[in-house]
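Engineer: Let me give you the structure first, and then I'll get to my questions.
The values are calculated or read from the model by the stated rules, or taken from the named source; none is laboratory data. If you're wondering where the values come from, they're calculated on a predicted model, not measured in any experiment. Cβ atoms come from the backbone with ideal geometry, glycine included; neighbour counts cover every protein chain shown.
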């Protein structure tokens, strides 16, 4: 497995129009190399989640261009964007977004079901993904039988089961206590190193951001500074 190179060229994102319009992203240009582990840091309203959603093709920029491994993602229609997300990107969100009526392994199988993978292969890959996040003994538990940290591990396994080139995590520790949050970040860090996928974590927490090798700080939709591990 390998990561994808991401290039953003003068990305703008405006919501609404006229006097009520809001500029969430204002002219961001950025290169993220394949396999990098990057934290995008900022307070609420800084534009960090909007930026993540644009990179993951969950939203489109108002102007500017986004390239992933040389392909212009910003111009894709809905069908191609959905295909890109399923084939290239794994998502982890603050609220887990697990299906409460499904077991852990059934939740992890869902992206493979969308791909049309056979039941036996789905089950094998989902078991391997849950083992990678330390949940091999909990695969038949439903979300209401799991702790918050375990639910986030299931969400990470679901994101990883398709072997994405890009992992995007939006406040993955936001609903967890400090200790469980750090456990989740260490899992993400390990998977980044083992699988060489490009990893972007959005956070407002400086302790979470410190685990990344590169930190990009946003304020009012613009990059205000960057830092690298050890600097």
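Engineer: Of all residues in segment 129-171, count the ones that are within 26 Å of residue 211 (Cα to Cα), free of Cβ contacts under 8 Å to residues at least 12 places away in the same chain and assigned to a helix (DSSP H, G or I). Explain how you work it out, then say what you get.
Structural biologist: Residues of segment 129-171 within 26 Å of residue 211 (Cα to Cα): 129-136, 146-171.
Remaining after also requiring free of Cβ contacts under 8 Å to residues at least 12 places away in the same chain: 131, 136.
Remaining after also requiring assigned to a helix (DSSP H, G or I): 131.
Here the count works out to 1.
Engineer: Out of segment 90-104, which residues are under 13 Å from residue 188 (Cα atoms) and over 13 Å from the mean Cα position of the chain (by Cα)?
Structural biologist: none
Engineer: If I ask for residues that are farther than 21 Å from residue 56 by Cα and in contact with a helix residue (DSSP H, G or I) (Cβ under 7 Å, 6 or more places away or on another chain), which ones from segment 167-183 would you list?
Structural biologist: Result: 175, 176, 180, 181, 183.
Listed here are the residues, each with its yes/no results for (1) modelled with pLDDT of 95 or more; (2) in contact with a strand residue (DSSP E or B) (Cβ under 7 Å, 6 or more places away or on another chain); (3) in a helix (DSSP H, G or I); (4) closer than 20 Å to residue 172 by Cα.
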{"residue": "87", "(1), (2), (3), (4)": "no, no, yes, no"}
{"residue": "96", "(1), (2), (3), (4)": "no, no, no, yes"}
{"residue": "99", "(1), (2), (3), (4)": "yes, no, no, yes"}
{"residue": "102", "(1), (2), (3), (4)": "yes, no, no, no"}
{"residue": "106", "(1), (2), (3), (4)": "yes, no, yes, no"}
{"residue": "111", "(1), (2), (3), (4)": "no, no, yes, yes"}
{"residue": "114", "(1), (2), (3), (4)": "no, no, yes, no"}
{"residue": "121", "(1), (2), (3), (4)": "yes, no, yes, no"}
{"residue": "124", "(1), (2), (3), (4)": "yes, no, yes, no"}
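Engineer: Could you tell me which residue of segment 191-216 is farthest from residue 164 (Cα to Cα), considering only residues that are in contact with a helix residue (DSSP H, G or I) (Cβ under 9 Å, 6 or more places away or on another chain), touching a residue at least 24 places away in the same chain (Cβ under 8 Å) and part of a helix (DSSP H, G or I)?
Structural biologist: 207
Engineer: When you scan segment 66-76, do you find a residue that is under 28 Å from residue 23 (Cβ atoms), surrounded by 13 or more Cβ atoms within 10 Å (Cβ to Cβ), at pLDDT 95 or above and over 15 Å from the mean Cα position of the chain (by Cα), even just one?
Structural biologist: Yes, because at least one residue in segment 66-76 is under 28 Å from residue 23 (Cβ atoms), surrounded by 13 or more Cβ atoms within 10 Å (Cβ to Cβ), at pLDDT 95 or above and over 15 Å from the mean Cα position of the chain (by Cα).
Engineer: Being surrounded by fewer than 19 Cβ atoms within 10 Å (Cβ to Cβ) and either touching a helix residue (DSSP H, G or I) at 6+ places or on another chain (Cβ under 9 Å) or over 30 Å from residue 79 (Cβ atoms) (or both) is the filter here; which residues of segment 107-117 pass it?
Structural biologist: Listed by number, the residues that qualify are 110, 113, 114, 115, 117.
Engineer: Return the residues of segment 81-121 that are closer than 14 Å to residue 58 by Cβ and without any contact (Cβ under 8 Å) to a residue 60 or more places away in the chain; say none if nothing qualifies. Spell out the reasoning first.
Structural biologist: As a first pass, look at segment 81-121 and keep what is closer than 14 Å to residue 58 by Cβ: 81-86, 88-93, 97.
The answer is 81, 82, 83, 84, 85, 97.
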